[in-house]
Amino acid sequence: MRILGIETSCDETAFAVVDSRSQVLAEAVYSQVEHAEFGGIVPEIASRQQLRKIIPVFETCQRKYPVTPDTIDGIAVTCGPGLIGSLMVGLNFGKALAYGWNLPLIGVNHLEGHIFANRLAEPALEPPFLTLIVSGGHTLLVKVEDWCRYSILGSTRDDAAGEAFDKVAKLLGLGYPGGHKIDKLAREGDRDFHRFPKSQFKAGEYQFSFSGLKTAVAVYLKDKSAEFRNSHLGDICAAFQERVIEMLVMPTITAARDLDIRTIAVGGGVAANSRLREAFGEQGRLHGLRVIFPEFRYCTDNAAMIAAAGCYRLDRGERATLDLTAVPYLPLV
Ligand code: KG4
Ligand code: ZN
C-alpha cells in the first residue's frame with residue numbers, strides 16, 4: 001500500500017509518499033520564513049502562504065514520485081490540531097484529490113503523526129511503549145497501548161517545551177523559531193553556569209511546566225549588560241536548556257519504570273534537540289530502557305509521519321467521508 005500524506009497544520013507545507021513498510025518514497029516540504037520578523041507565527045500569513053505553496057510543493061513531490069490515481073492507494077491529511085486556516089488548505093486539497101481521483105481519504109491527528117514518525121525510524125517498533133511528544137504547541141506523555149490506542153499520562157500545565165525554547169530565544173534576541181539556535185549555542189556553553197529553578201510535582205504525577213523557568217530566565221537577564229549577555233550567550237542557553245531537558249527526561253523515565261515499559265519513543269520538533277537525545281540515551285542505558293528518536297527531519301512537522309499514520313489506519317479499513325472537517329484543538333484521545 002502506498003499513501004500520499006499532506007501536512008499543513010502550521011507553517012510547513014509538506015507532501016510525502018510512504019508505503020506500508022514505512023519506507024518514504026518521496027517527499028517535499030516548504031517551511032515558511034515569513035514569520036521571523038514578527039517573533040512568532042502570524043496565523044493569517046501562515047494560511048496565505050499555505051495557499052500559495054500547496055500546488056508548487058505538490059508538484060515538487062510529483063517530480064520525485066509519479067503521484068497518480070494508479071500509483072497510490074489513498075490520501076492521508078492532517079485534520080488537526082493546528083491553525084484553522086492552514087489546516088483548511090491541506091484538508092481541502094486532500095479532499096479534492098481523493099474525490100477527483102476516486103481514492104480513499106483519511107484524516108490524521110497531527111500528534112499521532114509525531115508518534116508514527118518513530119515508525120519511520122524503526123519499522124519494527126511495536127506497542128506497548130511510552131511516547132513523549134514535545135513540539136511548539138504540545139508536551140504530552142502518552143502510553144501507546146496499541147497503535148491508535150493511547151492513554152495520556154501527563155501534559156504541560158502551561159507552556160509547551162518548544163514554546164519555552166522559542167520564548168527564551170526571543171528574550172536572548174535570537175529570533176523565531178529559536179529552539180535549534182539555543183541547541184547550537186548551548187553546545188559551546190557551560191550547563192552549570194547558572195542553576196535556574198525547575199518545576200517539581202508529586203511522585204506519580206508525570207506533569208510538566210515551563211513558564212516558571214521562562215520567567216526565571218527573564219528575571220535573570222533583567223540586570224545583565226548587553227556585554228555580559230553576549231559573552232555568556234552559550235552558557236545561558238546551556239543552563240536553560242539543561243533544566244528543560246531534566247524536566248522532560250526525568251518524569252518520562254520514572255513513568256517507564258513505574259509502568260514497567262521498556263521502550264520510549266520521542267517525537268515533535270524538540271526531539272531534534274541534541275542534548276535531549278544525549279540525555280535520554282544516557283538515562284536509557286542507565287535504566288535498561290530503549291529510547292527511539294525519529295530522524296531529524298521527521299522530528300519537526302513533515303508529511304511522511306502523516307502518511308505513515310494514515311497508511312496504518314487505511315490498512316485496517318478506516319475511511320473518512322468528504323464532510324471531514326479541520327479541528328484546531330483536536331485532542332489525541
Ligand atoms: O513539531 P514542530 O515542528 O511544530 C509543532 O507541531 O509545534 O515543533 C516546532 C518546535 C519549535 O518550538 C522549535 O523551536 C522547536 O520545535 N525545535 C527545537 C529544536 N528544533 C526545533 N527545540 C529545541 N532544540 C531543537 N534542536
Ligand atoms: Zn508538530
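For region 41-53, filtered to residues that are open to solvent by 10 Å² or more (accessible area, probe 1.4 Å) and among the hydrophobic types (A, V, I, L, M, F, W, C), the residue that is nearest to GLY5 (Cα to Cα) is LEU51. Of all residues in region 276-291, exactly one satisfies the criterion of being under 17 Å from THR139 (Cα atoms) and surrounded by fewer than 22 Cβ atoms within 10 Å (Cβ to Cβ), namely ARG277. So, in region 8-40, exactly how many residues are small (Gly, Ala, Ser), in contact with an Asp or Glu (Cβ under 6 Å, 6 or more places away or on another chain) and open to solvent by less than 50 Å² (accessible area, probe 1.4 Å)? Residues that pass the stated criteria total 2.
Picking from LEU103, LEU111, which residue would you name as being at pLDDT 95 or above, buried (at least 19 other Cβ atoms within 10 Å of the Cβ), hydrophobic (A, V, I, L, M, F, W, C) and not in a strand (DSSP E or B)?
After ruling out the rest, the residue left standing is LEU111.
Among the conditions (1) open to solvent by less than 30 Å² (accessible area, probe 1.4 Å); (2) farther than 30 Å from GLY310 by Cβ; (3) in a helix (DSSP H, G or I), LYS214 misses just one, which is (1).
Looking only at region 303-319, count how many residues are open to solvent by 10 Å² or more (accessible area, probe 1.4 Å) and within 16 Å of CYS10 (Cβ to Cβ). Number of matching residues: 0.
Tell me which residues, restricted to region 143-184, are basic (Lys, Arg) and either within 16 Å of ligand 2 (Cβ to nearest atom) or assigned to a loop (DSSP other than H, G, I, E, B) (or both). If the condition is that a residue be basic (Lys, Arg) and either within 16 Å of ligand 2 (Cβ to nearest atom) or assigned to a loop (DSSP other than H, G, I, E, B) (or both), then ARG157 is the only one that fits.
Screening ALA169, ALA124 for residues that are modelled with pLDDT of 95 or more and open to solvent by less than 10 Å² (accessible area, probe 1.4 Å) leaves exactly one candidate, ALA169.
What do you reckon, is GLY234 free of Cβ contacts under 8 Å to residues at least 40 places away in the same chain, surrounded by fewer than 21 Cβ atoms within 10 Å (Cβ to Cβ) and not charged (D, E, K, R)? When the stated conditions are applied, GLY234 does not pass them. Could you tell me whether SER151 is of a type in the set (S, T, N, Q) and touching a residue at least 60 places away in the same chain (Cβ under 8 Å)? Yes: the conditions hold for SER151. Here LEU130 fits the description: open to solvent by less than 10 Å² (accessible area, probe 1.4 Å) and more than 16 Å from ligand 1 (Cβ to nearest atom).
A quick yes/no check of all residues on (1) basic (Lys, Arg); (2) under 21 Å from the mean Cα position of the chain (by Cα):
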site: THR263; (1), (2): no, yes
site: GLU278; (1), (2): no, yes
site: ARG285; (1), (2): yes, no
site: LEU289; (1), (2): no, no
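Among the residues of region 1-49, those identified as in contact with a Leu (Cβ under 9 Å, 6 or more places away or on another chain) and either farther than 22 Å from ALA124 by Cα or of a type in the set (Lys, Arg) (or both) are ARG2, ILE6, THR8, SER9, CYS10, ASP11, PHE15, ILE41, PRO43, ALA46, SER47. For region 68-84, the set of residues classified as of a type outside the set (Ser, Thr, Tyr) and either modelled with pLDDT under 95 or open to solvent by 30 Å² or more (accessible area, probe 1.4 Å) (or both) consists of PRO69, ASP70, ASP73, LEU83, ILE84, listed by residue number.
Taking every residue in region 258-275 that is basic (Lys, Arg) and pairing it with any residue that is within 16 Å of ligand 1 (Cβ to nearest atom), at least 6 positions away or on another chain, the pairs with Cβ-Cβ distances below 6 Å are ARG275/GLN241; ARG275/ILE245. Cβ-Cβ distances below 9 Å connect the following pairs, each with a first residue in region 178-189 that is open to solvent by less than 50 Å² (accessible area, probe 1.4 Å), a second residue that is among the acidic types (Asp, Glu) and away from ligand 2 (no atom under 16 Å from the Cβ), and a separation of six or more residues or different chains: ALA186/ASP235; ALA186/GLU242; GLY189/ASP235.
The values are calculated or read from the model by the stated rules, or taken from the named source; none is laboratory data. All of these numbers come straight from a predicted model, not from anything done at the bench. Because the Cβ atoms are built from the backbone with ideal geometry, glycine has one as well, and the counts that use them run over all protein chains shown. Protein only, heavy atoms only, side chains kept; ligands, DNA and RNA dropped before computing areas. Shrake-Rupley method; radii C 1.70, N 1.55, O 1.52, S 1.80 Å.
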